[in-house]
Amino acid sequence: MDTLLQDLRYAARKLLRTPGFTAVAVVTLALAIGATTAVYSIVDGVLLKPLPFRAPSELVRVTSTSKRDGSVFPISASDYLDYRDQSTSFAAMANYQRGTANLSTNGGDPMHVDRLFVGARFFDVLGVAAVRGRLFATNEDEPGQNPVAVLSEKLWRTRFGADPRVIGQTITVDEKQYRIIGVAPRSVDYPQAVDVYLPRGFQHTADPNARGNHSLFAIARLKPGVSAARASQDLAAIALRLGQQYPEMDVEFSASVQPLQEQMVGNLAPTLYALLGAVAFVLLIACANVANLLLVRGASRSSEMAVRTALGAGRGRIVRQLVTESVLLAAMGAVIGTALAAWVVDAVVAFGPRALPRLQDVSIDGRVLAFSAGIAVLTGLVFGLVPALHAARPDIAGMLRASVRGSTRGGANRTRSVLVMAEMALAVVLLVGAGLLVKSFVALIHVNPGFSTDHVVSFDLTLPGSKYKSDASTIAFATELQGRLRALPGTQQVGFTMGRPLSHSLSMTPFDVDGRPVNDPQHRTITEVHSTSPEYFDAMGETLAAGRYFTDAENRRDGHHVLLVNEELARRYFKGESPIGKTLILGFSYSDSPATGPDTAVNGEVVGVVHDVKQRGLSSDAFPAVFVPFNALPGNLISFAVHSNADPAAIEREVRKQVRALDPNLPVFGLGTMADVVSESVAQPRFYMVLLSAFAGIALLLAALGIYGVISYTVAQRSRELGIRIALGASRERVVGHVLGQGLTMTLVGVGLGLVAAFGLTRLIATMLFGVAALDPITFAGVAVGLTAIAVLASWLPARRAAAVDPVIAMRVE
C-alpha cells in the first residue's frame, strides 16, 4: 500500500507538470467515459434493472394470440375467467383494462388522466405496498361495493401537492364520485403511465357472444418452479378446449404467456445493445488516442526510464508506475465523465421519447457508478499498458542514444500507426451506422402520411358515459362544438372522428361482403372502423381515390348506411374489382381502447375509396379501414380537426374556451398541430439517430486528431531526415507527397478494415432502418470518401510544416 501511494503521488506530480497533455487526455477520456456511462444507464434502467416488484421473475402477462400469424390481442372477460379458474400454473391472476378518463376535484380544473380499471388483486399480484393509505381489498371489485380509487404517486404529488390528508377525499372520474383510499408507489407504472386506478369486476355471463369482446389484459404470478413456457402450454391447452366449445368466437384464438419484463421492453433490447456497442467503439477510439499520446510522452521520457533502469528498477516496477499514471488519468476522466453523464441522463429523462418504457427508472445510481469505476480502471489498463511496455524496455544504451537524438524506436512508431488505423476502422463503422440512421430518418419524415400537416389543429375529448348516456346527447355535443369552431375567424373546415391518425386508438372488427360466402371463424377478414363526420376528410386533407364522400343527409343513425373504405382494404379484399357498390357486413369488435369500439353492427354500401393514411405510424403499412358516418355509430372518444389559417395558438385558446362553454367539466387533451403529432410519432427514431450521430461525430474528431498527432510527431522526429532530403535536392512538393503518403496509407488501411467490419455489423441495426438497406452502397461510399478526405486534410497540415523545414537548422543538432 505504501508503494501504491508513492506511485500515485509521483503520478500526480508528473501529470501536473504537463498540464496541456493532462487536459487533452482527461477531456478525451471524459467525453468517451461520459457517453458510455450515459448509454449504460439507459440500458440498465430499461433492460437490466429488475422490475420493482416482489419476485419480478415470477410475473407474466397473459394475452390472446391469433392462430394465423401469432399476433397478440387482449382477451375476453369470459376467457379470462376460464384461464384463471382452469389453469394450474398460476398462484394468482388479475385483469386490467387501460383507457383515459376525465378527473375533477372540488375547486380544481378538470384534467384528462390515464386510468386503469383493475381487478382487486392487481396490486397483490405485483407485490407492492401503498405509499399512503391502502390498496384495494379482495372484494372491492364486486358489484354493489362503494366506489373507491387509488392515485398514482405522480398524480398525488402534482395535483394534490403530496398532501397526506388526501386519503378519504372524493374525486370525480367521468362524472362518478370515488373515495380515495390510497396512493400507489411510483414503481407501479404498468402497463404504461397511469394516473388513477379504479376497481372493476364482472360476473360470468352465459352469453357466448361476450367472448367476442376482446378488451382485457391480464397479469399473473407463476407458481414456484413453473416456467413461462410451461404456463403457455397450459393456457394453450385450455384455449384449444374453448375453441372446440365456442367455435364461433374462440376457434381462431390461442393464449400465450410472456415474462412481464420482456413484454415491457418489447423489441428494444437489440437497439439499445447496438447503441451500447457503438459507444464502446467511441471509448476504444479514445483509448487509442490517449495511448498514442502516452507513446509520444514516453519517447520524451526515455532518458528518465534509462536512468531508472540503470539504478536498478525492474521492468515490472516501471510498468506498474506508468500504468498507475494511466489509471489516474482515467479516474479523472471518469469523474468528469460521470458528471457529464448525469446531465445527459437528466435530459433524456426529461425530453426523451415517451414511448421508451421504464424511462423513469433511468438514473445515475450505485450500479451505474460501479460501472463507471470499472470502466475507468479497465480503460486505464487498456490505453496505458502498451505504452508502458514500450517505455520499460531494458535497452539502456539504446534508450539513452534515442533521448539524445530526439528519435524513437521503430516499434513505438509501428504501434502508433496500428492504433491510428484501428481508430479509423472504428470511426468508419460508427459513421456508416450514423449515416444509415440519418438517411432512414430523412426517408421517414418525407413519407406522405396521407393527410395534411399544415394549418390543422387537432384535439381529443372523452365524453363520460355517465353524463352522455344516449347517442343523441353525444351527437348533439359534437355537432354543437363543430358549429362553434367553424364560426371562428380563419377557419375553413372542422370535422371529427373516432381514432385520428397516429393516436393509437383503434377499433377493429371482422366483416363479410354481402353476396360472398361468410368467412369461417379461422379466416375472418379484419378491418379498422372509424366513425367520421362528413367534413372530417376535407379538414384533414384526406383525398378520394375513387367514388365520393358520404353527405350530411347520409350521416344518420337509422336507415340506409353508406361507407367509405381505404385503398388497402380494396387491394386486399377486392382484387381485380371495385368495392364501390358492394355492401359490407361489420361484425363484433375487439380493441386496445374499448371505449372506441362499436357495440352495434353497422352494415352499409361502399360509396367511395379514400387514399391510404398512415394510421399506426409513418413506418407502418396501411391496414384495411372502413369509415362509417359518425351519427350511425357515435362514440365517446372523439378527435376533432380544425383546418384554419389563423395562428395555431389562437385556435388552441379558442378550443379550450368553446369546450369550457359547453361543458366546464370536460378537459381537452392532445391539443396541438398535426405537424407536432407527426414530429412526436418519430421521436424514438430521432432519439436513436441523434445519439449515434453524436457518437460518430466524436469518433470522427478523435480519429482526425489521432492521425494529425501521429503525422505531426513523425514530422517533428524526422525533421533532420527531411532537412537532408531537401538539401540533396528533393522538392518541397515531393516532401509533402511523401508525408501525405504515410498518412494516406494508414487511412486507406483503416478505412478498408472499417468497411469490412461495417459490412457485418450494420446488420445489427437493420430493424432501426426505414427505406434504406443496411448495406446501402451510397452511405458506405460516402463515408469512405469523406473520412479519407478529412484524414488527408489532417495529414496535409503537418506535411506543409515538413516542406518548410530549413535544412541548416534541421542538421545543426548534429
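Average 1/r across all pairs of distinct alpha carbons in the chain, invert it, and you get the Kirkwood radius: 31.2 Å. Considering only protein heavy atoms and a 1.4 Å probe, what is the carbon-and-sulfur percentage of the accessible area of the chain? So the carbon and sulfur contribution to the accessible surface is 58 percent. For the stretch 224-267, the solvent-accessible area of protein heavy atoms averages 49 Å² per residue (probe radius 1.4 Å; ligands and nucleic acids excluded).
Of the residues V257, S232, W796, the one whose Cα sits farthest toward the positive end of the charge dipole of the chain, with +1 on the Cβ of Lys and Arg and -1 on the Cβ of Asp and Glu, is W796. Answer rounded, prolate or oblate for the stretch 26-172, using the Cα gyration tensor with square roots of eigenvalues a ≥ b ≥ c: rounded when a/c is under 1.5, else prolate when a/b is larger than b/c, else oblate. Here the stretch 26-172 falls in the oblate category. The separation of the stretch 600-635 from the stretch 646-682, counted between C-alpha centres, amounts to 24 Å. Charging the Cβ of each Asp and Glu at -1 and of each Lys and Arg at +1, and nothing else, the dipole of the chain about its Cα centre rounds to 4480 debye. Per residue, the stretch 420-483 exposes 34 Å² of accessible surface when a 1.4 Å probe is rolled over the protein heavy atoms with every protein chain present.
Helices assigned as whole DSSP H runs in the chain whose Cα atoms extend at least 15 Å along their own long axis and whose mean Kyte-Doolittle hydropathy is 1.0 or higher are found at 19-43, 268-300, 315-351, 366-391, 410-445, 683-717, 732-761, 777-803.
The H on the amide N of S507, modeled in the peptide plane, is under 5 Å from the matching H of V529, each at least 5 residues off or on a different chain. Toward the positive end of the charge dipole of the chain, with +1 on the Cβ of Lys and Arg and -1 on the Cβ of Asp and Glu, the farthest Cα among V72, P648, V24 is that of V24. Modelled label positions at F759 and A355, each set 7 Å beyond Cα in the direction of Cβ, lie 3.3 nm from each other. Here the extension length gained between S620 and T170 equals 157.7 nm, from 0.36 nm per residue of separation less the Cα-Cα distance.
Is the shape of the stretch 55-101 best called rounded, prolate or oblate, per the rule: a/c under 1.5 gives rounded, else a/b larger than b/c gives prolate, else oblate, with a ≥ b ≥ c the square roots of the Cα gyration tensor eigenvalues? Because its axes are fairly even, with a/c under 1.5, the stretch 55-101 counts as rounded. Around the Cα centre of the stretch 35-182, unit charges on the Cβ atoms of Lys, Arg, Asp and Glu (plus for the first two, minus for the last two) sum to a dipole of about 340 debye.
The values are calculated or read from the model by the stated rules, or taken from the named source; none is laboratory data. Predicted model, so just to flag it, every value in this text is computed and none were measured. Every residue, glycine among them, receives a Cβ derived from its backbone with ideal geometry; neighbour counts consider all protein chains shown. Heavy atoms of the whole protein, side chains included, go into the accessibility calculation; ligands, DNA and RNA do not. Shrake-Rupley method; radii C 1.70, N 1.55, O 1.52, S 1.80 Å.
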